[in-house]
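Have a look at the structure below, then the notes.
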Amino acid sequence: MNYVDSVYEMIKEKNSAEPEFLQAVYEVFQSLKPVFEKNPEFEKKYLLERLVEPERQIVFRVPWVDDTGKVHVNRGFRIQFNGSLGPYKGGLRFHPSVYIGIVKFLGFEQIFKNALTGLPIGGGKGGSDFDPRGKSDSEIMRFCQSFMTELYRHIGPDVDVPAGDIGVGGREIGYLFGQYRRLNGGFNNGVLTGKGLTYGGSLVRTEATGYGLVYFLREILYHHKMTFIDKTAVISGSGNVAYYAAEKLISFGVKVLAMSDSEGCIYDSEGIDLAYIKEIKHIKRESIEGYTRYNPNAKYMKGKGCVWSIPCDFALPCATQNDIHLEHAKMLVDNGLVALVEGANMPTTNEAIDYLKLHGILIAPAKAANAGGVATSALEMSQNTIRYVWTFEEVDIKLQEIMKKIHRSAYEASNQYGLGYDLVAGANIAGFLKVADAMMAQGNF
């Protein structure tokens with residue numbers, strides 16, 4: 001058994017109850033086999049054993065009081081996975097599905113994603129099994145204050161800088177920052193990103209992940225001498241990532257045919273009207289089925305995965321992990337898919353990725369394609385440090401350049417190891433090599 005496989009078997013034994021983490025590790029390890037064959041010194045330094053074990057895992061109790069006076073207790077997490085490149089950086093997810101395995105998979109992915117941006121940030125992630133749905137603003141504020149009362153002692157602008165993720169938007173970041181400021185006794189706006197523009201936030205941060213997806217897709221199309229003209233797309237999700245990806249696609253002339261939420265999807269043959277999506281999902285926070293009230297000609301389909309049954313050129317999974325399974329991949333290929341652009345973290349199963357590769361589908365992997373969000377968070381950190389605010393256009397230009405560099409580094413790494421145009425493997429390799437160099441330079445840490 002080779003070194004990479006033997007380490008994976010060890011990880012399986014130690015983390016058998018964490019399938020998401022094992023899935024993420026397996027996908028990366030398969031890409032790294034040619035790297036270890038070519039660089040035996042990596043094995044001698046036990047890099048993989050060190051890489052897959054978080055530097056620090058923090059688990060804590062989060063008690064909070066609802067509007068009726070009843071006490072609830074949730075569990076909070078922060079995993080500081082690898083800080084060899086800089087302060088730990090990664091979002092906080094508030095969702096009932098959150099447990100240590102989810103946070104570890106997200107943190108592991110974040111190591112490579114952050115490395116690919118070329119910015120000095122390490123990999124981390126956190127969150128809670130708290131469900132913000134159906135909660136009042138006051139309840140969410142009290143939860144966030146309780147969460148930060150424990151977390152604040154473990155973070156800081158030169159240590160660990162959290163951001164938002166699923167269930168953590170501008171409202172939650174504001175409450176978290178307010179509590180940090182109260183506990184820390186000063187206005188240190190570099191400790192969280194995704195902040196409001198009035199207290200240290202960055203322009204383009206809200207749009208960055210969605211816009212970055214499309215900028216990355218543009219690089220893929222340029223490489224293959226293709227364009228956006230007369231193309232169609234379907235998108236899972238209807239939150240910020242999905243919304244702004246759709247906005248940018250539409251601005252480039254792509255017809256977005258469908259979007260979804262956790263209950264079903266909406267199909268509009270004339271092209272999704274984002275004004276309706278904003279009203280339903282971002283203002284009223286209702287089911288996406290409400291789109292048919294505004295456009296009776298649109299079709300609503302109930303159930304997970306329905307969006308992948310619609311013929312399209314581009315598929316953008318922007319909801320959550322393991323959104324696209326093998327059967328969905330087969331439908332997409334049969335319906336003429338050109339490119340898969342991953343907006344969520346690990347939204348496609350390994351089996352589905354293998355099938356899409358086998359059939360020549362162009363794949364923009366999440367750790368490369370959706371890095372625009374964390375890249376712009378790092379730009380927010382830079383603005384906080386120098387006490388300056390860049391214009392929307394300045395940040396957007398920097399974002400486009402970062403996405404271009406990520407595409408180039410992933411392609412060059414893939415090509416260097418004889419894998420051709422394989423951005424899945426290339427992103428893993430490019431990210432790993434940067435982290436590996438830093439880890440070896442810093443000794444056995």
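Observations
- Meets criteria (surrounded by fewer than 17 Cβ atoms within 10 Å (Cβ to Cβ) and either part of a helix (DSSP H, G or I) or on the phi < 0 side of the Ramachandran plot (or both)) for Gly174: no
- Pro162 over 26 Å from Gly83 (Cα atoms) and either touching a strand residue (DSSP E or B) at 6+ places or on another chain (Cβ under 9 Å) or not in a helix (DSSP H, G or I) (or both): no
- Members of region 405-431 that are of a type in the set (Val, Ile, Thr) and under 13 Å from Glu27 (Cβ atoms): Val424, Ile429
- Among residues of region 130-151 being part of a loop (DSSP other than H, G, I, E, B) and touching a strand residue (DSSP E or B) at 6+ places or on another chain (Cβ under 9 Å), the one that is surrounded by the most Cβ atoms within 10 Å (Cβ to Cβ) is Phe130.
- Some residue of region 279-296 being surrounded by 20 or more Cβ atoms within 10 Å (Cβ to Cβ), in contact with a helix residue (DSSP H, G or I) (Cβ under 8 Å, 6 or more places away or on another chain) and more than 30 Å from Pro96 (Cα to Cα): no
- For region 169-227, the set of residues classified as closer than 16 Å to Glu401 by Cα and among the basic types (Lys, Arg) consists of Arg205, Arg218, listed by residue number.
- For Gly127, the test of being buried (at least 23 other Cβ atoms within 10 Å of the Cβ), outside any helix (DSSP H, G or I), of a type outside the set (A, V, I, L, M) and at positive phi is passed.
- Here Leu106 fulfils each of the conditions (1) assigned to a helix (DSSP H, G or I); (2) of a type in the set (A, V, I, L, M, F, W, C); (3) touching a Leu at 6+ places or on another chain (Cβ under 7 Å) apart from (3).
- Residue within region 231-242 that is free of Cβ contacts under 8 Å to residues at least 40 places away in the same chain and either assigned by TED's automatic domain parsing to the domain that holds Leu337 or surrounded by 22 or more Cβ atoms within 10 Å (Cβ to Cβ) (or both) present: no
- Pair list, Cβ under 7 Å, 6 or more apart: region 1-28 residue touching a residue at least 12 places away in the same chain (Cβ under 8 Å), other residue outside any helix (DSSP H, G or I): Ile11/Val52; Glu20/Gln321; Phe21/Asn15; Gln23/Met346; Ala24/Met346; Val25/Val52
- Looking across region 172-208, the residues that are basic (Lys, Arg) and within 19 Å of the chain's Cα centre (by Cα) come down to Lys195, Arg205.
The values are calculated or read from the model by the stated rules, or taken from the named source; none is laboratory data. Computed from a predicted structure; not experimentally measured. Please note: Cβ atoms are built from the backbone with ideal geometry, for glycine as well, and neighbour counts cover all protein chains shown.
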